[in-house]
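One structure is given below, encoded as C-alpha cells.
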Amino acid sequence: MRITRESSYEDAPKGRFEALRRHVVTFFANVGNTGRLAVESLACLPAVLARGDSRAAFMRQLYVTGIRTLPVISVVGLFTGMILGLQVGLVLRRWNQEIYLGAPVMLSLIREMGPFMTGICLSSCVGSAIAAELGTMTVNDEVAALEIMSISPVRYLAAPRMGALLVMSPILAFYGCVLGVVGGGVVGQTQLNVSFQQYITSAMSVAATKDLFVGLFKATIFGIVIGAVSCHEGFATRLGAVGVGRATQRCVITSFLLILMLGYMITRMFYIEFSI
C-alpha cells in the first residue's frame with residue numbers, strides 16, 4: 001500500500017450537489033483505505049514478529065499501549081464500577097433488594113461498560129498519540145523517505161502499533177472490569193450495607209462465559225478500529241502542523257463514534273434473536 005501521494009488540485013465544486021458528491025466519494029474512499037490499511041497491518045504481523053528489530057518495536061508499542069495507560073484504566077475502571085454500584089444500589093434500595101447489587105454491576109461491566117471505557121481511554125491516550133506521531137512523520141517526509149528506501153511504512157510503522165492495540169485491548173478491558181467489580185463492591189459494603197461476600201455471590205451467579213467472551217470480542221474489535229483509524233489519519237495528514245492537529249482531532253472523534261456504533265451492533269448480534 002503506497003502512503004505518499006501527489007497533492008490533488010481540483011476546481012471548486014459547482015453547486016451544493018457537486019460538493020455533496022465529493023464529500024460522499026471522499027467518505028467511502030477513506031473507509032476503504034482504512035479497512036485496507038487494517039488488513040495489511042494485520043497481515044504483516046507475522047513478519048514483524050519474525051524480525052528482531054521489528055519485534056523490539058512491537059514490544060515498545062506493547063509497553064506504550066499497555067503499561068503506560070494502566071493508571072488511566074485503573075482510575076476509570078474503579079470509579080465506573082463505583083458509580084454503577086451507587087446508582088443501581090439506590091434504585092434497588094426502593095424494593096429492599098440491595099443484596100442483588102452485584103448482578104447488574106457485573107453484567108453492565110463485562111458486557112458493555114468495561115470494553116467501552118477501555119476503548120475510550122485507548123482512543124484518547126494511544127490513538128491520538130499515534131495519529132500525531134505518524135502525522136508529524138508524514139508532513140516531514142519521513143514516510144516518503146521510507147518508501148524511497150523500499151521500506152513498507154505499513155509494516156514498519158503501522159503493524160507494530162496495530163498489533164499492540166490488538167493484544168492489549170482485551171487485557172486492559174478485563175483488568176478494568178475486575179477493578180470496576182471491586183469498586184462496586186466497596187460502595188455496596190460502605191454505603192449500602194451489602195457485605196462483600198453477598199455482592200460477589202450475586203455477581204458470580206449471573207456471570208456467564210458468553211458474556212465474558214462477548215466483552216473481550218468487543219474490546220478486540222475496538223482495538224483494531226482505533227489502530228486502523230489512528231494510522232490512516234496519521235498517514236493522510238497534510239498541511240503541516242495544522243494538519244497534524246486536525247488529524248488528531250479526526251482520529252479521536254471517529255474512534256469515539258465507531259466504538260459507540262460497533263458496541264451497539266455487537267450487542268444486537270449476540271443477545272437479540274433476529275426474526276424473519
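Among residues of region 31-60 that are touching a residue at least 12 places away in the same chain (Cβ under 8 Å) and closer than 21 Å to residue 222 by Cα, none has a beta-carbon under 7 Å from a residue that is part of a helix (DSSP H, G or I) and of a type in the set (S, T, N, Q) at least six positions away or on a different chain.
Within region 32-42, the set of residues being open to solvent by 70 Å² or more (accessible area, probe 1.4 Å) and over 15 Å from residue 165 (Cα atoms) comprises 36 only.
Please find, within region 121-161, the residue that is nearest to residue 221 (Cα to Cα) out of those that are in contact with a Phe, Trp or Tyr (Cβ under 7 Å, 6 or more places away or on another chain) and of a type in the set (A, V, I, L, M, F, W, C). Per the criteria, the residue is 134. Pairing each residue of region 61-77 that is under 19 Å from residue 157 (Cβ atoms) and in contact (Cβ under 8 Å) with a residue 12 or more places away in the chain with any residue that is of a type in the set (Lys, Arg) and surrounded by 14 or more Cβ atoms within 10 Å (Cβ to Cβ), provided the two are 6+ apart or on different chains, yields C-beta distances under 9 Å for 61/161; 64/161; 65/161.
Which of the following residues is modelled with pLDDT under 90, of a type in the set (S, T, N, Q) and either crowded, with 19+ Cβ neighbours inside 10 Å or more than 27 Å from residue 98 (Cα to Cα) (or both): 255, 275, 205? Going through 255, 275, 205 in turn, the sole match is 275.
Yes or no, residue by residue, for (1) closer than 25 Å to residue 39 by Cα; (2) open to solvent by 10 Å² or more (accessible area, probe 1.4 Å); (3) not in a helix (DSSP H, G or I):
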residue: 214; (1), (2), (3): yes, no, no
residue: 222; (1), (2), (3): yes, no, no
residue: 230; (1), (2), (3): yes, no, no
residue: 241; (1), (2), (3): no, yes, no
residue: 248; (1), (2), (3): yes, yes, no
residue: 269; (1), (2), (3): yes, yes, no
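Considered as a group, the residues in region 61-99 that are hydroxyl-bearing (Ser, Thr, Tyr) and either surrounded by 20 or more Cβ atoms within 10 Å (Cβ to Cβ) or not in a helix (DSSP H, G or I) (or both) include one that is farthest from the chain's Cα centre (by Cα), and that residue is 80.
With respect to the conditions (1) surrounded by fewer than 12 Cβ atoms within 10 Å (Cβ to Cβ); (2) more than 20 Å from residue 182 (Cα to Cα); (3) not charged (D, E, K, R), residue 45 lacks only one, and its number is (1).
Applying the set (1) surrounded by 21 or more Cβ atoms within 10 Å (Cβ to Cβ); (2) over 18 Å from residue 192 (Cβ atoms); (3) more than 17 Å from the chain's Cα centre (by Cα); (4) not charged (D, E, K, R) to residue 140 leaves exactly one unmet item: (1). Taking region 147-160 as the range and being of a type outside the set (Asp, Glu), part of a helix (DSSP H, G or I) and open to solvent by 20 Å² or more (accessible area, probe 1.4 Å) as the test, the residues that pass are 148, 155, 156. Screening residue 194 against (1) assigned to a helix (DSSP H, G or I); (2) in contact (Cβ under 8 Å) with a residue 12 or more places away in the chain; (3) of a type in the set (A, V, I, L, M) leaves a single unmet condition, (1).
The values are calculated or read from the model by the stated rules, or taken from the named source; none is laboratory data. Only a predicted model underlies this, so the values are computations on that prediction, with no experimental measurement involved. Glycine gets a Cβ as well: all are built from the backbone with ideal geometry, and neighbour counts include every protein chain shown. The area values use the complete protein model at the heavy-atom level, side chains included, leaving out ligands, DNA and RNA. Shrake-Rupley method; radii C 1.70, N 1.55, O 1.52, S 1.80 Å.
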